[in-house]
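Novice: Below are the structure tokens for one structure; questions will follow.
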Amino acid sequence: MSTGAVERAWCVVVPHHASGARAARHRLAAELAEVVSPVVLADLVAVLAELVGNAVRHADPLPGGVVRVAWRLMTTDDGAHVRLRVTDGGATGTPRIRPADIDAADGRGLHIVSGLASRWGVERDGLGQSVWAEFDPVPERPDLVVAG
């Protein structure tokens, strides 16, 4: 029997500062901890941290010195679909995956996003740019035990 889809969305504004990534991670974790598995939640938190961190390091803030962070959860019979979106004031270049030297101090963020999310992308509009990442449901694996 199908229960249909249930959708919820959140939007928060955080400082265009390293503390903004921390605030966004904590809010996301608090809102979704009871809805998604701990493994999926860890991936969501890691990707959100990368996206906000990149916005702070590489882009201008939105008016008021902030970054907008939003996420949407759609629960279906298949599981939880989540879309993260971080909007900043834009940068001169478009976010892209780039090669990172083994000794490089940075340059791995979008590799992490690409590896954990089902897909990601960039959109520009009159406000600035948004980088988004989507997560498809993870099938339950009774044979997989996660140590914790």
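The values are calculated or read from the model by the stated rules, or taken from the named source; none is laboratory data. Just so it is clear, the model here is predicted, and its values are computed rather than measured. In this analysis, Cβ positions are derived from the backbone assuming ideal geometry, glycine residues included, and neighbour counts consider all displayed protein chains. Side chains included, ligands, DNA and RNA excluded: accessible areas come from the protein's heavy atoms. Shrake-Rupley method; radii C 1.70, N 1.55, O 1.52, S 1.80 Å.
Novice: Among the residues of segment 20-35, is there at least one that is open to solvent by less than 50 Å² (accessible area, probe 1.4 Å), touching an Asp or Glu at 6+ places or on another chain (Cβ under 7 Å) and on the phi < 0 side of the Ramachandran plot?
Specialist: no
Novice: Just checking, which of ALA49, ALA30 is modelled with pLDDT of 90 or more and either in a strand (DSSP E or B) or under 19 Å from VAL122 (Cβ atoms) (or both)?
Specialist: Going through ALA49, ALA30 in turn, just one is modelled with pLDDT of 90 or more and either in a strand (DSSP E or B) or under 19 Å from VAL122 (Cβ atoms) (or both): ALA49.
Novice: Please tell me if SER114 is of a type in the set (S, T, N, Q), assigned to a helix (DSSP H, G or I) and either under 17 Å from GLU134 (Cβ atoms) or modelled with pLDDT under 95 (or both).
Specialist: yes
Novice: Take the residues in segment 70-93 that are more than 18 Å from the chain's Cα centre (by Cα) and of a type in the set (D, E, K, R); name whichever of them is surrounded by the most Cβ atoms within 10 Å (Cβ to Cβ).
Specialist: ASP78
Novice: Looking at segment 33-45, is at least one residue charged (D, E, K, R), closer than 16 Å to GLY128 by Cβ and in a loop (DSSP other than H, G, I, E, B)?
Specialist: no
Residue-by-condition table, conditions (1) of a type in the set (Lys, Arg); (2) more than 15 Å from the chain's Cα centre (by Cα); (3) more than 17 Å from GLY109 (Cα to Cα):
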| site | (1), (2), (3) |
| --- | --- |
| PRO15 | no, yes, yes |
| ALA18 | no, yes, no |
| ARG25 | yes, no, no |
| VAL35 | no, yes, yes |
| VAL40 | no, no, yes |
| ASN54 | no, no, no |
| HIS58 | no, yes, no |
| GLY65 | no, yes, yes |
| ARG68 | yes, no, yes |
